[in-house]
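Below: the structure, in structure tokens.
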Amino acid sequence: MKVDGRPTRSIWTDADGTVRVIDQRRLPHAFVAVPLETREDAAAAIREMWVRGAPLIGATAAWGLALHLARDPSDAALAETCELLAATRPTAINLRWALDRLGEHLAPLAPEARAAAARRLAAAICDEDVAINTAIGEHGLPLIEAIAARKHPGEPVRILTHCNAGWLATVDVGTATAPIYLAHDRGIAVHVWVDETRPRNQGAALTAWELANHGVPHSVVVDNAGGHLMQRGLVDLVITGTDRTTARGDVCNKIGTYLKALAARDTGVPFYVALPSPTIDWTLHDGFAIPIEERGPEEVTHIPGLAEDGSVRTVRVTPAASPAANPAFDVTPARLVTGLITERGVVAPGDLAALFPETAVPLDQTPLAASATPTGA
Ligand code: MRU
């Protein structure tokens with residue numbers, strides 16, 4: 001996508017090979033690109049959320065491994081770096097997917113060949129992500145076109161999205177935003193309801209910034225507004241991203257997604273999830289077996305924002321004596337998901353395996369992890 005008219009990805013290499021990412025903690029108030037020089041930089045970038053979003057986390061881990069192998073390409077360094085990077089965030093499966101892919105490719109190579117091969121594969125993973133998201137856009141577009149066809153000319157298709165599953169969460173294009181950008185670029189009127197997405201406000205800070213940059217009409221709403229908007233017939237379609245989706249189509253995504261899915265089901269609004277295949281965990285059947293990241297309480301008790309004097313300040317919003325809890329993701333059971341928009345087409349959650357026969361693990365070979373299953377799964 002473009003920033004100030006210049007095509008920009010969320011992670012890239014400069015002409016001299018330096019790996020750079022956007023420090024997303026600074027958006028929307030400042031656009032700052034920072035270099036990643038070591039695996040520790042990459043690990044910190046993921047853990048501290050300079051970068052975030054499942055596909056971008058995977059891409060950053062791939063580059064982190066490549067950076068370290070240029071210093072030490074030994075078997076021990078390969079294993080240790082994969083372990084270090086895999087431990088940075090627990091929920092998004094793309095992290096492990098990218099590291100497994102690099103590990104499998106690099107382990108059989110002679111150590112002296114590993115650094116260059118790792119750079120090539122990290123770059124390929126980034127390019128593939130863009131291609132996957134572009135295809136998600138093409139497959140999701142007809143959903144928007146079909147709604148537009150039922151409206152008066154110029155009347156917008158109203159789409160609600162949660163968190164940031166835009167280009168900032170991926171290498172480029174985004175997943176949930178891919179059909180939206182495409183519809184907008186093809187002249188279909190759209191209006192996006194952007195959930196602010198407390199506690200870190202990825203919707204208010206990042207999705208809104210992206211959409212504004214691209215000229216897509218949108219309104220930021222508080223997280224609790226979605227149900228009301230749906231009841232009043234003001235939402236035609238929900239599209240969210242996902243951090244991990246199981247073989248049967250249970251969707252783990254940013255905390256609050258489940259409540260939107262419940263409201264969508266109650267009000268008859270279609271609820272779609274944009275799902276790139278590296279985000280599928282074929283080893284899991286039951287979404288409640290997915291580890292849910294618990295982040296620090298300060299993300300709930302404090303909030304940053306732009307002060308009148310132009311400085312960014314962080315203020316406390318809760319009583320100092322009140323503890324906070326901060327589960328970062330939730331699971332939407334497959335039964336609440338209308339369809340999954342993948343790079344191979346749109347499917348009902350139960351049909352996911354048929355779309356990816358070469359990678360799908362037969363359900364009777366997946367751990368059921370039934371012990372973790374709450375009611376209603
Ligand atoms: O905690 P974050 O910001 O990494 O969470 C991101 C999300 O939940 C996104 O919706 C998800 O990764 C899909 S991104 C294409």
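When only residues in segment 248-271 that are under 18 Å from the mean Cα position of the chain (by Cα) and not hydrophobic (A, V, I, L, M, F, W, C) count, which is nearest to the ligand (Cβ to nearest atom)?
Lys254
Which ones in segment 302-314 are over 17 Å from Thr197 (Cβ atoms) and either in a helix (DSSP H, G or I) or in contact with a Pro (Cβ under 8 Å, 6 or more places away or on another chain) (or both)?
Hits for segment 302-314 are Val312, Arg313, Thr314.
Any idea which residue in segment 126-176 is nearest to Ala62 (Cα to Cα), counting only those that are of a type in the set (Asp, Glu) and touching a residue at least 60 places away in the same chain (Cβ under 8 Å)?
Among those that are of a type in the set (Asp, Glu) and touching a residue at least 60 places away in the same chain (Cβ under 8 Å), it is Asp129.
Where residues in segment 321-355 are within 16 Å of the ligand (Cβ to nearest atom) and hydroxyl-bearing (Ser, Thr, Tyr), which of them is farthest from Gly174 (Cα to Cα)?
My answer is Thr332.
Exactly one condition in (1) out of contact with any Cys (no Cβ under 6 Å at 6 or more places or on another chain); (2) crowded, with 24+ Cβ neighbours inside 10 Å is false for Lys254; which is it?
Just one mismatch for Lys254, condition (1).
Can you report the number of residues in segment 290-332 which are open to solvent by 50 Å² or more (accessible area, probe 1.4 Å) and of a type in the set (A, V, I, L, M)?
Total satisfying the criteria: 8.
Which residue is surrounded by the fewest Cβ atoms within 10 Å (Cβ to Cβ), if the candidates are limited to segment 48-92 and must be within 11 Å of the ligand (Cβ to nearest atom) and of a type in the set (Lys, Arg)?
Across segment 48-92, the extreme among qualifying residues is Arg89.
Show the residue pairs that are 6+ apart or on different chains and have beta-carbon atoms under 7 Å apart, the first residue being within segment 246-259 and touching a residue at least 12 places away in the same chain (Cβ under 8 Å) and at negative phi, the second being part of a strand (DSSP E or B) and open to solvent by 20 Å² or more (accessible area, probe 1.4 Å).
Close Cβ pairs satisfying both conditions: Ile255/Pro327; Ile255/Asp330; Thr257/Asp330; Tyr258/Asp330.
Which residues, counting only those in segment 125-177, are surrounded by 15 or more Cβ atoms within 10 Å (Cβ to Cβ), among the small types (Gly, Ala, Ser) and not in a helix (DSSP H, G or I)?
Ala165, Gly166, Gly174, Ala176
Report every pair of residues separated by at least 6 positions or lying on different chains whose Cβ atoms are under 8 Å apart, first residue within segment 324-344 and among the aromatic types (Phe, Trp, Tyr), second open to solvent by 30 Å² or more (accessible area, probe 1.4 Å) and within 14 Å of the ligand (Cβ to nearest atom).
Within 8 Å, the pairs are Phe329/Ile255; Phe329/Ile292.
Counting only residues that are away from the ligand (no atom under 14 Å from the Cβ) and not in a helix (DSSP H, G or I), which one in segment 272-289 is most open to solvent (accessible area, probe 1.4 Å)?
Thr283
Which pairs do you get when a residue that is within 22 Å of Leu143 (Cα to Cα), found in segment 270-295, comes within reach of a residue that is within 13 Å of the ligand (Cβ to nearest atom) and acidic (Asp, Glu), reach meaning Cβ atoms under 9 angstrom, with the pair 6+ apart or on two chains?
Leu275/Glu343; Pro276/Asp129; Pro276/Glu343; Ser277/Glu343; Thr279/Asp243
Can you report the number of residues in segment 184-205 which are away from the ligand (no atom under 15 Å from the Cβ) and assigned to a loop (DSSP other than H, G, I, E, B)?
Of the residues in segment 184-205, 4 are away from the ligand (no atom under 15 Å from the Cβ) and assigned to a loop (DSSP other than H, G, I, E, B).
Is it true that Val3 is crowded, with 18+ Cβ neighbours inside 10 Å and either hydroxyl-bearing (Ser, Thr, Tyr) or within 20 Å of Thr175 (Cβ to Cβ) (or both)?
no
The values are calculated or read from the model by the stated rules, or taken from the named source; none is laboratory data. Being a predicted model, the structure only gives us computed values, none of them experimental. Here Cβ is always computed from backbone atoms with ideal geometry, including for glycine, and neighbour counts include all displayed protein chains. Ligands, DNA and RNA are stripped out before the accessible areas are found, and what is left, the full protein with its side chains, is counted by its heavy atoms. Shrake-Rupley method; radii C 1.70, N 1.55, O 1.52, S 1.80 Å.
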